[in-house]
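Encoded as structure tokens, the structure appears first; notes follow it.
The values are calculated or read from the model by the stated rules, or taken from the named source; none is laboratory data. Bear in mind the structure is a predicted one, so any value in this text is a computation, not a measurement. Counting neighbours? That spans all protein chains shown, and the Cβs are built from the backbone with ideal geometry, glycine included.
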Amino acid sequence: MRQCRSAPFARLILSLVVVVLFAALPAGLIAAQGDPPAQPTAVTAPPVETVESIELEELRALAAVVRSNAEDAARYASDASNFLSLFEAFSVVIAIAAASLGVVGVTRLFAAQSALTDARKRLLEELAGLRADFERQIEERERDLRALEDQLTKTLELQRRSAAQSTLALSLLPLGERQYKAQDYSGAAETYKRALKLDENNPLIHYRLGYVYVQNGQLEEAERHLIRALDIDPAFELARAALGYVYRRISDKQPEGLDHDLMMNRGEQFLLEALKAQPRLVDEDGESWWGSLGGLYRRRGQVEQAIHAYEQAAKVTPHSSYPFSNLALLYMGKHDRAEMLRTYKRVERLARGETQAEVDNYWAYADLLTSSLAMGKLEQAEEALTSVLDIAPTESDYTLTLLIDTLERLRVALGGSDSAPHIDHYIGRIREHLNRRAKG
């Protein structure tokens, strides 16, 4: 197999060698080979016949060899020519293939370049779109931030103003409280209304204003402000207790019937809820709200419950004459005259101390007057009555009418007008004072 495969290549090499040798021969010899019939005439016979014969034979033999070699060379040359032609054909094919491949490559190159251009264009467009979106989002965020900044600035300004107004409103509360203590109810109400304009959502101001309206007898206005205070602060038990007292006061003005009972029940509910949450709750006059609940039970005729309520008030404010004065009358209602007088002695002592501590304490002077009349100390009662009439609130008749009601109950407890005629005298003088004040 190895010889068969290498034979063509060997023949090719041999052909090339022959071609080279043939090319190296003299031109005449090649011509003689190219034209064999004329070859004998082309050789000049030497003079010597023997030599000529020998040389002629040698030349003939050599020519035969050369002719044979030339034929082989021609054949191998033909083979080489055919091989070269085949190689040239392959070269053309290869050239054509290369050209085709080049065309295909160029086509693909142009296609790739076009696709790259399109992709670059799309990428640039997408980048431009993203940049536009980003810039738009940045503008929107900046706009939102500016709006938020403006809102925060406005909010801070409002808070600053609100804080300043709230501070000013709170600074007015002590003034209103002093006016109330001086029984200048109108002045106190105006001060609280001014504070309310500065801070309309302050439950304490609504409560204070409502409480002043209670003392003025403006119960509807009092109810409105106390309800507002509870709307703002549902856990504001002072306002709840005061609202219960307002409902009890409203029931006092209603005739006996369902409306009266419903209003009384509503007052009881609010007072009980407030006292359950804060049993030691006191009003703006420093009195326990248990006293207001005791007054409600007394009006219902629930004596035992009234006594319990006033006893609770006495525990909360043991130095106040108010709960003990009411307890004394309740003990007399139970026909316990001794306990009544003993309690009135305590009322007298406590009330005198309160009047010395606060010379304008109307309620303390009223209790001192009541205890003095109960024990028959008329000279002391006279002095107390003078002070009561001097310092009684001029803007409301409620305090004096309540004192008349207390003295009428004392008269009944002592056995009526026959047993205590001096009480009628004092009741009459208080009514005359109210009449004169009403006429101006």
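In the set (1) of a type in the set (A, V, I, L, M); (2) under 30 Å from A364 (Cβ atoms); (3) modelled with pLDDT of 95 or more, the condition left unmet by L170 is number (3).
Taking into account only those residues within the range 208-253 that are polar (S, T, N, Q) and in a helix (DSSP H, G or I), which is farthest from the chain's Cα centre (by Cα)? Ranking the qualifying residues of the range 208-253, first place goes to S251. Screening H260 on (1) under 21 Å from G217 (Cα atoms); (2) modelled with pLDDT under 95; (3) touching a helix residue (DSSP H, G or I) at 6+ places or on another chain (Cβ under 8 Å) shows it passes everything except condition (2). Do the conditions hold for P318, that is, is it within 16 Å of L350 (Cα to Cα) and surrounded by fewer than 18 Cβ atoms within 10 Å (Cβ to Cβ)? Spelling it out, P318 is indeed within 16 Å of L350 (Cα to Cα) and surrounded by fewer than 18 Cβ atoms within 10 Å (Cβ to Cβ). From the list A374, A351, the one residue that fits, being touching a residue at least 40 places away in the same chain (Cβ under 8 Å) and surrounded by 15 or more Cβ atoms within 10 Å (Cβ to Cβ), is A374.
Looking only at the range 405-426, which residues are within 17 Å of Y322 (Cβ to Cβ) and β-branched (V, I, T)?
Taking the range 405-426 and keeping what is within 17 Å of Y322 (Cβ to Cβ), we get 405-407, 409-410.
Scanning the range 405-426 gives a single hit, T406.
Looking at the range 185-193, is at least one residue under 32 Å from the mean Cα position of the chain (by Cα) and surrounded by 18 or more Cβ atoms within 10 Å (Cβ to Cβ)? Checked against the condition, which is being under 32 Å from the mean Cα position of the chain (by Cα) and surrounded by 18 or more Cβ atoms within 10 Å (Cβ to Cβ), the range 185-193 yields no hits at all. For the range 394-407, filtering for residues that are touching a Lys or Arg at 6+ places or on another chain (Cβ under 8 Å) and modelled with pLDDT of 95 or more leaves 1. Can you pull out the residues in the range 408-432 that are within 17 Å of P393 (Cα to Cα) and either modelled with pLDDT under 95 or crowded, with 17+ Cβ neighbours inside 10 Å (or both)? Within the range 408-432, I430 is the sole residue that qualifies.
Scanning the range 194-207 for residues being surrounded by 18 or more Cβ atoms within 10 Å (Cβ to Cβ) and either hydroxyl-bearing (S, T, Y) or not in a helix (DSSP H, G or I) (or both) gives a total of 3.
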